[in-house]
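Chemist: Sharing a structure, written as structure tokens. Questions coming.
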Amino acid sequence: MFLVVGANSEIGSATARLMRRQGKRVIATTRRRPANSDEVLLDLSEPIENFTIPEGVRCACIFVAVARLAACEADPTGSAHINVRQSIALVDRFAAGGIYTLFLSTNQVFNGDHLRVLAHTPVSPISEYGRQKAHAEQLLQARMSNGAPVGILRLAKVVSPGMSLLTTWKRELTAGRPILAFSDMTMAPTPVDIVAESITRMMEDRLSLIAQLTGPRDVTYAEVGRFIAERLGTSPGLVRPINALDNGMPRGSTPRNTTLDSSLLLMRYGLRAPDALDVVSEL
């Protein structure tokens, strides 16, 4: 049985749906009152000892995190409580029962100076969120070295159909109204269904290693805006480039590169993210 810790998240809900379509038994955690027998209550702000692991769970994935860079910067202590202390405590609870845990991490553990960073490159975070995830990874790798059934999957920008930013841009451009788009912020988007498939495969195989999954190249948000304008037959001049840091985005928001070497999942499962603009076109 598979435990999805945080099934209300974008990636968690997509993974739970995929697993259930495949006929797998899935239990999902929720911070709200459980709605059915396939949900259990878990609030990572509460003591982990209060959580009773459902009978029959053999694999878990932790989707819960304080992932917004600004939120981590504004409250480093509170966000680290969730992203590091409570997450590691939960992994230890699972490991004590022989339950494999997949921990989701981020490209933010690197500074973005290099393309397609290899998995075992020394970390170099510059954001508070990246520092927290790098710390959690360090603690988990020590446990993995001692035989704990743990894996790590690093992701960057994950996108879903109906992405609100692109929907808004399409509406505004179609109406002939200008949009503002960051010229110094990049993304190498990965469709959420490919992420969900990767998570499911890693959990099935109980892979105790670091894997990574991003698109093959970065594009700026301004490039994406111009691409959408051209596809709609409107003027690319409606896309007004702006600077992210000058417009209130937190430190770490503008790495030159967000791509990670994703060859392990390609070789093992044949999974890869399409080119950034192909992803945008599909969305």
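We did not get these values from a lab; they are worked out from the coordinates using the rules stated. Model, not experiment: these values are computed from the prediction. No Cβ is skipped: glycine too gets one built from the backbone with ideal geometry, and neighbour counts run over all protein chains shown.
Chemist: Name the most mobile residue of Ala96, Ala196, Ala156, meaning the one with the largest mean-square fluctuation, in a Gaussian network model of the chain with Cα contacts below 10 Å.
Modeler: Sorting by GNM fluctuation, first place goes to Ala96.
Chemist: Let me ask something else about it. Quick one: which residues, 5+ away or cross-chain, put their amide H under 5 Å from the amide H of Val117? H built at 1.01 Å from N.
Modeler: Amide H to amide H, under 5 Å and 5 or more residues apart or across chains, Val117 pairs with Leu260, Asp261.
Chemist: Write down, largest first, the equivalent ellipsoid semi-axes of segment 199-283 in whole Å, where each equals the square root of 5 times an eigenvalue of the alpha-carbon gyration tensor.
Modeler: 32, 18, 9
Chemist: Which whole-number percent gives the relative contact order of the chain, counting Cα pairs below 8 Å spaced six or more residues apart?
Modeler: 20
Chemist: Let me ask something else about it. In nm, what is the difference between 0.36 nm times the number of residues separating Arg217 and Leu180 and their Cα-Cα distance?
Modeler: 11.1 nm
Chemist: Report the extension gain between Glu204 and Arg58 in nm, rounded to one decimal, defined as 0.36 nm multiplied by the number of residues separating them, less their alpha carbon distance.
Modeler: 51.6 nm
Chemist: Alpha carbon centre of segment 145-211 versus segment 6-61: separation in Å?
Modeler: Using only Cα atoms to place each centre, the spacing works out to 21 Å.
Chemist: Using modelled amide H (1.01 Å from N, peptide plane; none on Pro or chain starts), what sits under 5 Å from the amide H of Gln212, excluding residues fewer than 5 places away?
Modeler: Under 5 Å from the amide H of Gln212: Arg154, Leu264, Leu265.
Chemist: Projected onto the charge dipole of segment 125-283 (+1 at Lys/Arg Cβ, -1 at Asp/Glu Cβ, origin at the Cα centre), which of Ile199, Ala273, Gly130 gives the Cα projection farthest towards the positive end?
Modeler: Gly130
Chemist: Compute the helix-to-body angle for 164-174: its Cα long axis versus the longest principal axis of the chain, expressed 0 to 90° and rounded to tens.
Modeler: The answer is roughly 20 degrees.
Chemist: Another one. Considering amide H positions built from the backbone, and no H for Pro or chain starts, which residues 5 or more places from Thr106, or on another chain, come under 5 Å of its amide H?
Modeler: Leu155
Chemist: While we're on this one: Helix 221-232 sits at what angle to the longest principal axis of the chain, using alpha carbons and giving 0 to 90 degrees rounded to 10?
Modeler: Its long axis makes an angle of about 60 degrees.
Chemist: How much FRET efficiency would the formula 1/(1 + (r/R0)^6) give for Ser263 and Asp43, where r is the Cβ-Cβ distance and R0 is 30 Å, rounded to 0.05? List each step's numbers first, then the result.
Modeler: Values: r = 37 Å, r/R0 = 1.25.
So the FRET efficiency works out to roughly 0.20.
Chemist: Which ordering of Lys133, Lys170 is given by a fewest-first count of other beta-carbon atoms within 10 Å?
Modeler: Lys170, Lys133
Chemist: Once the dipole of segment 11-55 is set up with Lys and Arg at +1 and Asp and Glu at -1 on Cβ about the Cα centre, which of Ala35, Thr15, Phe51 lies farthest towards its positive end?
Modeler: Thr15
Chemist: Check cross-link reach from Lys133 to the lysines: straight Cα distance under 23 Å, and skip same-chain residues fewer than eight apart.
Modeler: Counting by Cα, and skipping residues close in sequence, Lys133 has these lysines nearby: Lys157.
Chemist: Any idea what angle helix 128-145 forms with the longest principal axis of the chain, computed on alpha-carbon atoms, 0 to 90 degrees, nearest 10?
Modeler: Here the helix axis deviates by roughly 40 degrees.
Chemist: Could you check what % of the DSSP bridge pairs in the chain are antiparallel, to the nearest 5?
Modeler: Roughly 5 percent of the DSSP beta bridges within the chain come out antiparallel.
Chemist: Right, something else. So for Val40, Val109, fewest C-beta neighbours within 10 Å to most, what's the order?
Modeler: Fewest to most other Cβ atoms nearby, the residues stand as Val40, Val109.
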